Structures are given as C-alpha cells and as structure tokens.
Amino acid sequence: MAIAIGTVVMMFSYFPYARAFAVPEGAPPAIDVPLVGMALAVAPFVFVAVGFVSQNPKAPRHVLQAMGLLLVIGLGLGLLSPVLGASAGFGAGGAITLNRAPLYDLMRSRVIAVALSAAYVFGLLLVATPAGVFVGGLVPLMALGFADEYRYWRETHPR
C-alpha cells in the first residue's frame, strides 16, 4: 500500500520536474523554474507517504535523510539527465523510508533494485526517450517492492 500511494504522490513531483527540463525542438535550452520549485515542494510528501503508510517507526528522521539523498543523487545524476537523477533519487529515498521487516536485512537488495531501475531508465532514455521519462516515474518505488518480495522469498525457501 505504501509503494502504491507513494508512486501516485510521486507523479505530482516527478512529471512537473521532467516537464521543466523538456525543450521543444529548435528552441534554446531553458529550465522552467516554477515547475522545478513545485516539484521540489511536493517531493517530501512522497517520502512522508511511504514512511508513514508503511508504519516506519523512524519515519520523520528517514524522511529528512531521503530528501538529502534525493538532492545529492538527483543533482549528481541530474548532470547526466535530470529525469534519471530524479528517478534514482526517489528510489534511494524510498529505500530508506520504506519500513523494513524485522527479520531480514533488506537494504542491500533495495540498493541493487535502485541501481538496476536507474540502469533500465538510462537505457530507455537512450533508446526511446518518451518511454524512459514515463518509466522513470513508475519503476523506482516498484523496484523496491520487488526487491523486498524477492528477499523474503529467498529467506523462506532455502536451497
């Protein structure tokens, strides 16, 4: 439930951010600053939704850490592609704020899931840019759910 609600809230931050960097063909490069501001204002609510709906007992602190990660990763990878930076930043922030099962250490699986989702978005951005932009908004949090389920399956089904 936390991933679904977080993804819906993320759409209100991610797509305005992606639109802010979209430039019509033949036009000079420009950034729509009000859209970037709106996207950054909505971004904390993504992590608040994920943290509190998943009943993370340390949600307030993890939301602040997730915002820091969003900015650091978003700016770092944003030099390559702003959409890729936002997608990876939301994935990394979601990995921190999503509640962890007490029996399993899920962070390694979640980091791998965020890295794979960022690589997938990057590949799509190179091959089919519109599809890459669309998938970049859907995949990051969903990959965390897949990673958690896979880790749970691996722990409950010994070889």
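Read the figures in this text as sums done on the coordinates, not as results from a lab. What you see is a predicted model; the values in this text were computed from it and never measured. Here the Cβ is made from the backbone with ideal geometry for all residues, glycine too, and neighbour counts use every protein chain on show.
Structure summary
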{"quantity": "Residues that are among the polar types (S, T, N, Q) and buried (at least 16 other Cβ atoms within 10 Å of the Cβ), drawn from region 41-64", "calculated": "Ser54, Asn56"}
{"quantity": "Neighbours by Cβ (under 9 Å, 6+ apart or cross-chain): first from region 32-49, among the charged types (D, E, K, R); second crowded, with 18+ Cβ neighbours inside 10 Å", "calculated": "Asp32/Pro16; Asp32/Ala20; Asp32/Phe21"}
{"quantity": "Matching entry among Val83, Val135, Val111, Val72 (being out of contact with any Pro (no Cβ under 8 Å at 6 or more places or on another chain), crowded, with 23+ Cβ neighbours inside 10 Å and in a helix (DSSP H, G or I))", "calculated": "Val83"}
{"quantity": "Matching entry among Met38, Met11 (being buried (at least 16 other Cβ atoms within 10 Å of the Cβ), aliphatic (A, V, I, L, M) and out of contact with any strand residue (DSSP E or B) (no Cβ under 9 Å at 6 or more places or on another chain))", "calculated": "Met38"}
